[in-house]
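Take a look at the structure set out below.
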Amino acid sequence: MRGNTLGGFDRFRLPAALLVAAIHTGPLLSVSPFANDLLTDIWGRIAVPFFFAVSGWFLVPRLRREGVAALGPFLKKTLLLYLLSALLYLPLNLYNHTLQDSGAALLRDIFFNGTFYHLWYFPALALGACIVWALVRGLGKRAWLPAVLLYLIGLLGDSWYGLTAALPPVRAAYEGMFLCFDYTRNGLFSTPIFLLLGGWLAQRPRRGGAGRYRAGLLVSLALLTAEGLLVKHFSLARFDALYLTLPLCVGFLLLWLAALELPAIPALRGWTAAIYVLHPWCIVLVRGGARVVGLTGALVDNSLGHYGAVVLLSALLALPFAFLRPARADPRGRAWIEIDAAALRHNLSALSALLPQGGRLMPVVKANAYGHGDLTVARICAGEGIRAFAVATASEGARLRRGGVRGAILVLGYTGPREVPLLARCRLTQTVVSAEHARALDAAGHRIAVHLKIDTGLHRLGIPWDDVEGLVAPFACRSLKVTGVFTHLSDAEALDEASQARTQEQLRRFQQAVEGLRRAGFDPGAVHFQGSYGLLNYGGLPCDYARPGIALYGVFSAPSHHTRSAVELRPVLSLRARVAQLHRLEAREAAGYDGSFTARRPTVLAALAIGYADGWPRSLSSGAGRVLLHGQPAPVAGLVCMDQLLVDVTDIPDVSPGDIATLVGRDGPAELFAGQTALAAGTITNELLSRLGPRLPRLTVNDLPS
Ligand SMILES: *Cc1c(COP(=O)(O)O)cnc(C)c1O
């Protein structure tokens with residue numbers, strides 16, 4: 001896995017933290033002021049952008065994939081660290097009287113400058129992440145454009161301020177800005193570009209060895225040096241944190257460190273972060289301490305001695321944080337689901353081709369997108385231009401909306417009047433199932449959009465197709481706005497004559513009801529009647545939407561199903577689990593609850609770390625179900641347990657603990673289809689997949705680098 005070879009990032013954290021400490025102490029001042037400038041005003045400026053870019057490397061791809069779901073926890077962590085650090089420095093603020101007394105100035109420090117000089121890093125990271133999230137969401141691949149622009153604006157208020165100052169109106173604009181923040185080196189101007197840079201590099205395919213990137217790094221460092229010296233020579237800088245060539249240096253630095261493919265050293269992360277946070281306190285302690293013990297000459301006046309003492313003390317005080325290890329779950333540790341984004345995109349386009357002119361897809365993402373992960377599926381769909389989704393319940397709809405899904409969200413199932421405020425708040429479209437239901441929703445007094453469900457023969461939900469009074473009743477409800485009508489077919493998957501006749505009759509009834517509304521002067525809005533099989537067997541009929549569920553996920557409900565349109569669908573979901581343990585049994589030895597398995601021969605059993613609590617049916621016990629291991633089938637042995645199941649691997653050589661079993665999906669040349677497993681369990685894929693539980697992490701694979 002890629003993450004394990006990024007130890008180069010961990011290693012460079014130490015020099016980066018030491019460079020920041022150098023900026024704040026000036027280690028070479030007693031030796032050579034020029035060398036010190038070179039170190040602190042030019043080269044040292046790589047350090048903080050390096051930290052931003054590394055954050056972006058991990059964060060931005062997740063922001064693109066998961067949106068606010070990734071932003072929220074990141075902000076929480078960053079702001080918590082900020083709060084703790086700010087509290088740590090509060091005594092110094094109070095002692096030095098550096099706490100702003102006006103509310104506006106305090107806010108300025110909190111949001112931009114940091115409450116202590118080095119703490120600007122945290123609000124910058126948080127603000128930068130919010131900006132990048134908004135840019136990525138609004139502009140997709142063009143997010144870098146505003147980020148570059150912001151950086152250039154920042155640059156003209158920093159190292160290149162000399163140019164700005166030469167133009168009085170521009171200068172006035174900048175002076176206005178400086179009332180809001182002391183520097184343009186902040187979350188608004190300088191952070192977005194480095195976060196996006198890191199994210200972009202993370203998703204680029206890596207080619208070539210470290211040598212190429214080291215050369216690039218050296219050249220860009222030379223350019224940075226030249227730029228820094230130029231700025232110094234002409235005294236252009238108002239402050240010296242941002243340079244035109246800085247993003248280039250940071251980019252090559254990351255590429256080089258990644259190409260080194262070194263093993264990770266997690267301890268360096270906590271340690272260096274703590275050095276960063278603690279070193280200004282250490283500066284105070286070293287100065288005070290030196291005075292007390294009478295060593296001001298060596299530890300304060302001598303810049304190298306001072307720097308050495310500060311760094312040493314910081315490193316010591318920070319050491320405990322090296323052992324603070326975030327205790328993270330490994331998504332591939334036990335059992336998990338893989339979602340193939342490319343397969344989903346393929347299915348979307350294959351199903352779109354079946355639509356009539358003007359028709360659109362309304363993917364059904366109820367039941368956590370049939371177990372696939374509703375937000376992930378909705379995001380991939382949205383990326384393909386989908387603007388309408390269907391769910392079964394109001395809370396499923398609210399989850400999508402809160403996850404950042406835009407466009408129409410239709411709730412297909414019943415929602416009681418008490419959830420009308422939720423419908424209104426989340427702008428969900430509710431299905432009206434009867435005139436009575438319409439009046440109850442109306443009485444709640446919130447304006448909501450509704451689609452009328454017309455019962456044409458399934459007799460599950462809906463206003464009977466020939467109940468004219470019932471059909472027009474919702475139009476009289478003042479809080480309800482009817483924006484669509486739909487029905488659901490009961491036999492669309494079956495192509496025998498009787499089923500086709502029933503479907504045709506349902507279509508006729510639906511048509512008649514819709515025409516009746518139109519003739520009576522009511523606008524039915526968007527018209528839709530096809531689920532997956534409706535679309536596959538009765539595609540091309542005029543409609544505004546089709547509501548495919550199971551077909552979108554690339555499988556049929558049952559392996560025996562055939563459809564009129566021969567579209568090639570690709571299964572989106574794979575289900576995998578680790579081998580936890582192996583057991584060697586003598587012939588006639590029993591295993592499993594109730595001795596449900598008896599070895600007929602010397603047998604090897606593998607315990608897989610997945611069970612019925614994960615949604616793998618218990619009805620697959622004792623040989624009914626099988627899994628793939630090393631590309632070969634292994635039958636279930638004995639009763640499926642809640643968290644484990646046993647499979648017989650006697651005929652599969654070299655199985656060991658930690659190996660990955662495939663319960664649905666491809667394993668080398670072999671493939672186990674959800675349809676086969678569902679059939680063996682006496683159900684359909686819809687049930688098998690939608691019951692895959694929340695305990696299984698969902699991982700997206702084959703996603704587009706964007
Ligand atoms: C679940 C559902 C669908 C999707 O059905 P599939 O057969 O999975 O395509 C469509 N419409 C309604 C009303 C549904 O409840």
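The values are calculated or read from the model by the stated rules, or taken from the named source; none is laboratory data. This one's a predicted model, so the numbers in the text were calculated from it and none came from an experiment. We place every Cβ from the backbone using ideal geometry, glycine too, and count neighbours over all the protein chains shown. Just the protein is used for accessible areas: all its heavy atoms, side chains included, with ligands, DNA and RNA removed. Shrake-Rupley method; radii C 1.70, N 1.55, O 1.52, S 1.80 Å.
Residues that are closer than 23 Å to Leu59 by Cβ, part of a loop (DSSP other than H, G, I, E, B) and without any contact (Cβ under 8 Å) to a residue 40 or more places away in the chain: does the stretch 110-117 have at least one? Looking for residues that are closer than 23 Å to Leu59 by Cβ, part of a loop (DSSP other than H, G, I, E, B) and without any contact (Cβ under 8 Å) to a residue 40 or more places away in the chain, one finds at least one in the stretch 110-117, hence yes.
Pairing residues of the stretch 437-455 that are under 12 Å from Ala476 (Cα atoms) with residues that are within 16 Å of the ligand (Cβ to nearest atom) and β-branched (Val, Ile, Thr), at Cβ distances under 8 Å and at least 6 apart in sequence or on separate chains, gives Ala438/Val432; Ala438/Val450. Only one of the listed residues (Gly549, Gly611, Gly638, Gly592) is closer than 30 Å to Ala392 by Cα, touching a Leu at 6+ places or on another chain (Cβ under 9 Å) and open to solvent by less than 60 Å² (accessible area, probe 1.4 Å). That residue is Gly611.
Kindly evaluate Glu497 against the criterion of being at pLDDT 95 or above and either in contact with a Pro (Cβ under 7 Å, 6 or more places away or on another chain) or within 12 Å of the ligand (Cβ to nearest atom) (or both).
Details: at pLDDT 95 or above: yes; either in contact with a Pro (Cβ under 7 Å, 6 or more places away or on another chain) or within 12 Å of the ligand (Cβ to nearest atom) (or both): no.
Taking the combined requirement at face value, the residue does not satisfy it.
Answer yes if at least one residue in the stretch 374-393 is of a type in the set (S, T, N, Q), farther than 21 Å from Leu480 by Cα, away from the ligand (no atom under 12 Å from the Cβ) and in contact with an Asp or Glu (Cβ under 7 Å, 6 or more places away or on another chain), and no otherwise. For the stretch 374-393, residues of a type in the set (S, T, N, Q), farther than 21 Å from Leu480 by Cα, away from the ligand (no atom under 12 Å from the Cβ) and in contact with an Asp or Glu (Cβ under 7 Å, 6 or more places away or on another chain): absent.
When Gly631 is tested against the conditions (1) free of Cβ contacts under 8 Å to residues at least 60 places away in the same chain; (2) crowded, with 20+ Cβ neighbours inside 10 Å, the lone failure is (2). For the stretch 169-179, indicate whether the set of residues that are touching a helix residue (DSSP H, G or I) at 6+ places or on another chain (Cβ under 7 Å), in the same structural domain as Leu135 (by TED's automatic domain parsing) and among the small types (Gly, Ala, Ser) is non-empty. So far as the stretch 169-179 goes, no, none of its residues is touching a helix residue (DSSP H, G or I) at 6+ places or on another chain (Cβ under 7 Å), in the same structural domain as Leu135 (by TED's automatic domain parsing) and among the small types (Gly, Ala, Ser). Filtering the stretch 436-469 to residues that are surrounded by fewer than 21 Cβ atoms within 10 Å (Cβ to Cβ) and of a type in the set (Gly, Ala, Ser) leaves Ala440, Ala443, Ala444, Gly445, Ala449, Gly457.
It is to be established whether one or more residues within the stretch 179-190 are assigned to a helix (DSSP H, G or I), of a type outside the set (A, V, I, L, M) and closer than 21 Å to Arg45 by Cβ. No, because not a single residue in the stretch 179-190 is assigned to a helix (DSSP H, G or I), of a type outside the set (A, V, I, L, M) and closer than 21 Å to Arg45 by Cβ. Given the structure, is His437 assigned by TED's automatic domain parsing to the domain that holds Ser395, modelled with pLDDT of 95 or more and more than 16 Å from the ligand (Cβ to nearest atom)? For His437, the condition - assigned by TED's automatic domain parsing to the domain that holds Ser395, modelled with pLDDT of 95 or more and more than 16 Å from the ligand (Cβ to nearest atom) - is not met.
Test Leu59 against the stated conditions and say whether it is farther than 23 Å from Glu227 by Cα, open to solvent by 20 Å² or more (accessible area, probe 1.4 Å) and at pLDDT 95 or above. It is false that Leu59 is farther than 23 Å from Glu227 by Cα, open to solvent by 20 Å² or more (accessible area, probe 1.4 Å) and at pLDDT 95 or above. Would you confirm whether any residue within the stretch 161-171 is open to solvent by 20 Å² or more (accessible area, probe 1.4 Å), free of Cβ contacts under 8 Å to residues at least 24 places away in the same chain and more than 28 Å from Lys232 (Cα to Cα)? No, the stretch 161-171 contains no residue that is open to solvent by 20 Å² or more (accessible area, probe 1.4 Å), free of Cβ contacts under 8 Å to residues at least 24 places away in the same chain and more than 28 Å from Lys232 (Cα to Cα).
Being open to solvent by less than 20 Å² (accessible area, probe 1.4 Å) and farther than 19 Å from Pro192 by Cα is a condition met by at least one residue of the stretch 90-97.
Apart from one condition, Asp643 fits all of (1) part of a loop (DSSP other than H, G, I, E, B); (2) more than 20 Å from Gly693 (Cβ to Cβ); the exception is (2). Restricting attention to the stretch 510-537 and to residues that are in contact (Cβ under 8 Å) with a residue 40 or more places away in the chain and open to solvent by 20 Å² or more (accessible area, probe 1.4 Å), the residue that is farthest from the ligand (Cβ to nearest atom) turns out to be Ala520.
What do you reckon, is Ile339 farther than 24 Å from Asp544 by Cα and assigned by TED's automatic domain parsing to the domain that holds Gly534?
Details: farther than 24 Å from Asp544 by Cα: yes; assigned by TED's automatic domain parsing to the domain that holds Gly534: yes.
Spelling it out, Ile339 is indeed farther than 24 Å from Asp544 by Cα and assigned by TED's automatic domain parsing to the domain that holds Gly534.
With respect to the stated conditions, Val567 fails to be of a type outside the set (S, T, N, Q), part of a strand (DSSP E or B), open to solvent by less than 50 Å² (accessible area, probe 1.4 Å) and within 15 Å of the ligand (Cβ to nearest atom).
Of the residues screened, Arg269 is one that is out of contact with any strand residue (DSSP E or B) (no Cβ under 7 Å at 6 or more places or on another chain) and in a helix (DSSP H, G or I). Just one of (1) part of a helix (DSSP H, G or I); (2) closer than 23 Å to Leu81 by Cβ fails for Thr98. It is (1).
The rows are residues; the columns are (1) modelled with pLDDT under 95; (2) assigned to a helix (DSSP H, G or I); (3) β-branched (Val, Ile, Thr); (4) surrounded by fewer than 20 Cβ atoms within 10 Å (Cβ to Cβ).
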site: Ile275; (1), (2), (3), (4): no, yes, yes, no
site: Trp281; (1), (2), (3), (4): yes, yes, no, yes
site: Ala298; (1), (2), (3), (4): yes, yes, no, yes
site: Val310; (1), (2), (3), (4): no, yes, yes, no
site: Ala315; (1), (2), (3), (4): no, yes, no, no
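Scanning the stretch 656-684 for residues that are within 27 Å of the chain's Cα centre (by Cα) and open to solvent by less than 20 Å² (accessible area, probe 1.4 Å) gives Ala661, Thr662, Leu663, Val664, Gly665, Ala674. When we screen Asp340, Asp330 for residues that are open to solvent by 10 Å² or more (accessible area, probe 1.4 Å), within 23 Å of Leu689 (Cα to Cα) and free of Cβ contacts under 8 Å to residues at least 12 places away in the same chain, the only hit is Asp330. Applying a threshold of 9 Å to beta carbon distances and a minimum spacing of six or more residues, or different chains, the list of pairs starting in the stretch 45-63 at a residue that is over 19 Å from Tyr276 (Cα atoms) and ending at one that is among the β-branched types (Val, Ile, Thr) and in a helix (DSSP H, G or I) reads Leu59/Val132; Val60/Val132; Val60/Val136; Leu63/Val132; Leu63/Val136. As a summary of the residue check, His561 satisfies the conditions (1) at pLDDT 95 or above; (2) within 15 Å of the ligand (Cβ to nearest atom) except for the one numbered (1).
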